[in-house]
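Have a look at the structure below, then the notes.
The values are calculated or read from the model by the stated rules, or taken from the named source; none is laboratory data. A quick note: this is a predicted structure, and the numbers were derived from the prediction, not measured. Because the Cβ atoms are built from the backbone with ideal geometry, glycine has one as well, and the counts that use them run over all protein chains shown. All accessible areas refer to the heavy atoms of the entire protein, side chains included, with ligands and DNA or RNA removed. Shrake-Rupley method; radii C 1.70, N 1.55, O 1.52, S 1.80 Å.
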Amino acid sequence: MSDSTFYVTTPIYYVNDAPHIGHGYTTVMGDIITRWHRQRGENVWYLTGTDEHGQKVLRKAEENGVSPQDWVDKLVEDEWRPMLATIDVANDDFIRTTEQRHIDGSKAFWTALYERDAVYKGNFEGHYSVSAEEFVSEEDVAEGEGDDEGFKVSKLDGSRVELVAEENYFFRLSDYQQKLLDLYESQPDFIQPESARNEVISFVSRGLRDLSISRSTFDWGIEVPWDDKHVMYVWIEALLNYATAVGYGTDPERFAKVWPADIHLVGKDIARFHAVIWPAMLMAAGEPVPHRVFAHGWLLVGGQKMSKSKANGIRPDELVDTFGSDAYRYYFARALTFGSDGSISWEDINARYHAELANGFGNLASRVAAMIGKYFDGVLPATGAVTVPEQMVIDVVAKAVAEADAAIEAIAPHDALNAIWRIVDELNGYLTEQAPWKVAKDDPDSDRLATILVTAAEGLRVLAVLLNPVMPMSSAALWDSLGAEPSLGALDAQRIDDVATWGQLPAGTTITKPPSLFPRIEAPAE
RNA sequence: GGGGAGGUAGCUCAGCUGGUUAGAGCACGGGACUCAUAAUCCCUCGGUCGCGGGUUCGAGCCCCGCCCUCCCUACCA
């Protein structure tokens, strides 16, 4: 395990969409998990990217009078890459499905399917909705009214559908029902959380039909290697990115090292594609299946699923502009149970920003640095004897570290933050009880004052390390304030395994009061 | 129709295989303190655990029925 690569993916985002906090959510959570694993000293590979083929993109490009390639290039550079920068994501790779490596890899994958007889040519006929880019089943097709008079429309979204009959290639998904059920049985955490697993098992248990996986009515896609009249159906092709990005079909050595993925993070709407079709395709191609598919819930704004069409989509940069990327990352990780639906609101992020980040954590860093500055001229003194209250702090820290680490392992960043925050609360309480300002006045010659402040500084050191995966900016500022780098090295080089070891900051370390980590925002924007 | 998840303090949520007076955070009210970003610490207030039955010595957790919300039920990134 230690010499393999911890490989995590997000869905690749459809370029036509405008980035909203839903995209940001998945990506940030993956970033927190992967940064944490790096902080453990593991080899990590974090992939995200964009899905750029398909009829919808083609038509959009035509509407805008540009070539599809120019269209997607623009969207990627103007919208998607900037979003990653906005929310401070440290992905190792960014794959675009229009890249040569993906094209070559996808063709290689299809060739493998073909050679293994997992694909055959058949006829497919049905009502196709261009805007939804899907075939609509018969029971969901209705006669149009009003503007759509004379057309058939989809009951699902009201879009017009066209009767399409074409020769397609099919994937023998029906062969995999039992194999998939066996997978869910033998690898119980393959699809998480439990609710997603139940739905997937129920779906597969009802039987699987073969899947139409190519299109021949347009050409904005990857050619089927043995038949240039067909392009791969965008959904099927998009799934392949997880393999092609790490060398499938182009760099076998690299692929063997990184694959299978440890975690595919997905929204629960696309859990089925990842937990049913994707593993079946991998089995068909003779490749190992991923370890885990984790389906997270919806972000609810005012009780409704956030989405572009409901006009309650929020762009990540709106929040980041006010609260900063650290608070953004913190909020989504802390306020929501990853895997369940959860409510978000401007009021809530504002409240948590002030209560937890500014008053709780930021102020703690501030008061400790201020006292070391005031009583010791900013030079960390040598500690005196550790007494019962100090030991309690040490114990709380050790327990919190272990719990946070276990929570990340369980893909529960919210629990990790809850555990970490017990350190914040413990330190604030410890300072109030020990009242170093009082000791400074009443008993300035004892070593109690030094002991108390060293203990608090050590606590901050731990927090800087533990929070680095979640809030890299402020953690770096805190690390800097603690003057830790000269003696302990870079923040990123600190290891979770060692972080709870007490007494790492040496006496003589220069502590400076940091600028407010999370300054209060007096007039929250509407 | 079938299946999944949920309905717990004003708000957002915890409550594992049923066990004494149902918890947390925030908000509200009171007090302490002054190192700090008027921050911190302590305490109070606050719930018929959707509704109605049942099983049990005992149920928020189990069973039955009902109401409400959301999701899945194949090619919706």
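Rounding to the nearest 10 and keeping the result within 0 to 90°, find how far the Cα-based axis of helix A:472-481 lies from the longest principal axis of chain A. Computed tilt is about 20 degrees.
Distance between the 7 Å Cα→Cβ label points at A:Glu194 and A:Thr322: 3.6 nm.
Taking θ as phi - 60° and the Karplus parameters 6.51, -1.76 and 1.60, the scalar couplings of the stretch A:380-395 work out to 4, x, 7, 6, x, 5, 7, 10, 4, x, 5, 4, 5, 4, 4, 5 Hz in sequence order, x denoting glycine and proline. The sum of -39500 (n - 2.57) across all DSSP H runs of n ≥ 4, divided by the residue count of chain A, sets its helix-only mean residue ellipticity at 222 nm to -13500 deg cm²/dmol. In terms of overall dimensions, the stretch A:40-103 has a Cα radius of gyration and Dmax of 14.2, 49 angstrom. Its relative contact order, with pairs defined as Cα atoms under 8 Å and 6+ residues apart, puts chain A at 16 percent.
If you plug the beta carbon distance of A:Ala385 and A:Asp182 into 1/(1 + (r/R0)^6) with R0 = 56 Å, you get a FRET efficiency near 0.40. The largest-to-smallest principal axis extents of the Cα set in chain A are 90, 51, 40 Å. Once you reduce the stretch A:45-65 and the stretch A:232-254 to the center of their Cα atoms, the two points are 17 Å from each other. For the stretch A:98-114, 3J(HN,Hα) computed residue by residue from phi via the Karplus equation (6.51, -1.76, 1.60; θ = phi - 60°) reads 8, 6, 4, 4, 6, 4, 5, x, 5, 4, 5, 5, 5, 4, 4, 4, 5 Hz, glycine and proline entered as x. With unit charges on the beta carbons (Lys and Arg positive, Asp and Glu negative) and the dipole taken about the Cα centre of the stretch A:345-498, which residue among A:Ser487, A:Gly378, A:Pro413 sits farthest to the positive side? Working it through, the farthest residue towards the positive pole turns out to be A:Gly378.
Along the charge dipole of chain A, pointing to its positive end and built from +1/-1 on Cβ of Lys, Arg, Asp and Glu, which listed residue (A:Ala398, A:Gly249, A:Tyr169) has its Cα farthest out? Among A:Ala398, A:Gly249, A:Tyr169, the one farthest towards the positive end of the dipole of chain A is A:Ala398.
Largest first, the residues A:Ser343, A:Ser202 sort by 1.4 Å accessible area into A:Ser343, A:Ser202. Here the scattering of the stretch A:166-263 is modelled by Debye summation over its C-alpha atoms, one equal scatterer each and no solvent; at q = 0.10, 0.22 Å⁻¹ the log10 of I(q)/I(0) is -0.39, -1.16. Dipole magnitude for chain A: computed about the Cα centre from +1 point charges on Lys and Arg Cβ and -1 point charges on Asp and Glu Cβ, it is near 1100 debye.
With the largest listed first and rounded to whole Å, the semi-axes of the equivalent ellipsoid of the stretch A:316-465 from the Cα gyration tensor are 33, 18, 11. List the lysines whose Cα lies under 21 Å from the Cα of A:Lys152, skipping any in the same chain that are fewer than 8 positions away. Once the sequence-local lysines are set aside, what remains near A:Lys152 is A:Lys56. Considering only the Cα atoms of the stretch A:1-125, their convex hull presents on average a projected area of 10.7 nm².
Considering only alpha-carbon pairs that sit under 8 angstrom and 6 or more positions apart, the relative contact order computed for the stretch A:345-498 is 25 percent. Taken along its three principal axes, the alpha carbon spread of the stretch A:357-411 comes to 44, 30, 16 Å, from the longest extent down to the shortest. In chain A, the longest principal axis of the Cα atoms and the axis of helix A:177-186 are about 10 degrees apart. Each residue of the stretch A:420-430 is assigned a 3J(HN,Hα), and the resulting list reads 4, 5, 5, 5, 4, 5, 4, 5, 4, x, 4 Hz, derived from the Karplus form 6.51 cos²θ - 1.76 cosθ + 1.60 (θ = phi - 60°), x at Gly and Pro.
The largest accessible area among A:Thr387, A:Thr509 belongs to the first residue in A:Thr387, A:Thr509, and the rest follow in falling order (1.4 Å probe, all chains). Along chain A, the exposed loop sites are trypsin sites (Lys or Arg not before Pro) outside DSSP states H, G, I, E and B with at most 13 other Cβ atoms within 10 Å, and the longest stretch free of them is A:311-494.
If I fit a long axis through the Cα atoms of helix A:448-467 and take the longest principal axis of the Cα atoms of chain A, what angle between them do I get, 0 to 90°, rounded to 10? That works out to roughly 10 degrees.
Applying a DSSP loop filter and a limit of 15 other Cβ atoms within 10 Å to the chymotrypsin sites (Phe, Trp or Tyr not before Pro) in the stretch A:379-480 leaves nothing. Label the stretch A:398-465 by shape, choosing from rounded, prolate and oblate, from the square roots a ≥ b ≥ c of the eigenvalues of the Cα gyration tensor; if a/c is under 1.5 it is rounded, and otherwise prolate applies when a/b is larger than b/c, oblate when it is not. Note, shape of the stretch A:398-465 comes out prolate.
When the square roots of the Cα gyration tensor eigenvalues are ordered a ≥ b ≥ c, the ratio a/c for the stretch A:400-526 is 1.5 or more and a/b exceeds b/c, which makes its shape prolate.
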